[in-house]
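J.: I am attaching a structure below and will ask some questions about it afterwards.
The values are calculated or read from the model by the stated rules, or taken from the named source; none is laboratory data. Quick caveat, the model's predicted, so the values are computed rather than measured. Here the Cβ positions follow ideal geometry from the backbone for every residue, glycine too, while neighbour counts run over all protein chains shown.
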Amino acid sequence: MNKSTIFDVTCRRCERLATFLDEVAAEYPGYHARPVAPFGDSRPQLLIVGLAPGMHGANATGRPFTGDYAGILLYETLYQFGYSNQPESRSLDDGLKLKNCRITNAVKCLPPQNKPTGEEIKTCNRFLENELKGLYPGSVILALGNIAHNAVLRAFKLKSKDYPFQHNRAHSVNNHLTLVDSYHCSRYNTQTRRLTATMFHEVFEQIRKILDG
């Protein structure tokens, strides 16, 4: 395995992101403020791909979707569908464990204004590609939002025009894996009801049917 594709908490390949994390670490010395590692089973049937760590969430705690608003609906849903042992993710030492599920991000570092550049997404894609290669045949990838969706397609060297993003749509991406799309469970999307809990649960119902064969 190419070591350059394995997650690296010391990665500084993107100068803008590395510099920004240095600034954040100086302002918030108790924050993780480094690339955020994937969390969960090493060989899951469900891989969830988000956008990037949030400033006061994953960037602070060091765990994806932990400590920010976007994690509320996600972890409640994972618990309801049997993918975790508790409905909340608060900190690295809260005892939370995922079952047959793993969470990662298209970009592992906090970007300014939560907006990574195209080049930063491309640079970080090597890590996502490596994670996807480790999935068992028949597994499902859940992309939270269009950026995550396109990052998965890039990792598979597929064209977005052939696999358009659409909420709760399933795509067969390489004969033995399925990509399922969902609107991101961000504060904006849930408060404007672009994404409701019912809609999100329907996504997981579809995932359950795919994994059940």
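J.: On the given criteria, is GLY71 in a loop (DSSP other than H, G, I, E, B) and either modelled with pLDDT under 95 or not polar (S, T, N, Q) (or both)?
T.: Considered against the rule, which asks whether it is in a loop (DSSP other than H, G, I, E, B) and either modelled with pLDDT under 95 or not polar (S, T, N, Q) (or both), GLY71 comes out as no.
J.: Condition first: hydrophobic (A, V, I, L, M, F, W, C), part of a loop (DSSP other than H, G, I, E, B) and closer than 30 Å to ALA25 by Cα. Now tell me which residues in region 79-105 satisfy that.
T.: If the condition is that a residue be hydrophobic (A, V, I, L, M, F, W, C), part of a loop (DSSP other than H, G, I, E, B) and closer than 30 Å to ALA25 by Cα, then LEU92, LEU96 are the ones that fit.
Matching residues to (1) touching a Pro at 6+ places or on another chain (Cβ under 8 Å); (2) surrounded by fewer than 17 Cβ atoms within 10 Å (Cβ to Cβ); (3) over 23 Å from PRO44 (Cβ atoms); (4) not aliphatic (A, V, I, L, M):
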| site | (1), (2), (3), (4) |
| --- | --- |
| LEU144 | no, no, no, no |
| LEU158 | no, yes, no, no |
| TYR163 | no, no, no, yes |
| HIS171 | no, no, no, yes |
| ARG208 | no, yes, no, yes |
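J.: Please work out if TYR79 is of a type in the set (Ser, Thr, Tyr), in contact with a Pro (Cβ under 6 Å, 6 or more places away or on another chain), surrounded by 14 or more Cβ atoms within 10 Å (Cβ to Cβ) and farther than 20 Å from ALA151 by Cα.
T.: Criteria met by TYR79.
J.: Here's another thing I want to ask about it. Six or more apart or on different chains, Cβ atoms under 7 Å: show the pairs whose first residue is in region 105-124 and modelled with pLDDT under 95 and whose second is assigned to a loop (DSSP other than H, G, I, E, B).
T.: Here the result reads ASN114/ALA52; ASN114/GLY54, each pair linking region 105-124 to a residue that is assigned to a loop (DSSP other than H, G, I, E, B).
J.: Next up: Please work out which one of (1) in contact with a strand residue (DSSP E or B) (Cβ under 9 Å, 6 or more places away or on another chain); (2) under 24 Å from THR198 (Cβ atoms); (3) not in a loop (DSSP other than H, G, I, E, B) is the condition GLU76 fails and give its number.
T.: The one condition GLU76 does not meet is (1).
J.: Can you pull out the residues in region 1-53 that are out of contact with any Phe, Trp or Tyr (no Cβ under 7 Å at 6 or more places or on another chain), in a loop (DSSP other than H, G, I, E, B), among the small types (Gly, Ala, Ser) and at pLDDT 95 or above?
T.: Of everything in region 1-53, those that are out of contact with any Phe, Trp or Tyr (no Cβ under 7 Å at 6 or more places or on another chain), in a loop (DSSP other than H, G, I, E, B), among the small types (Gly, Ala, Ser) and at pLDDT 95 or above turn out to be GLY30, ALA33, ALA52.
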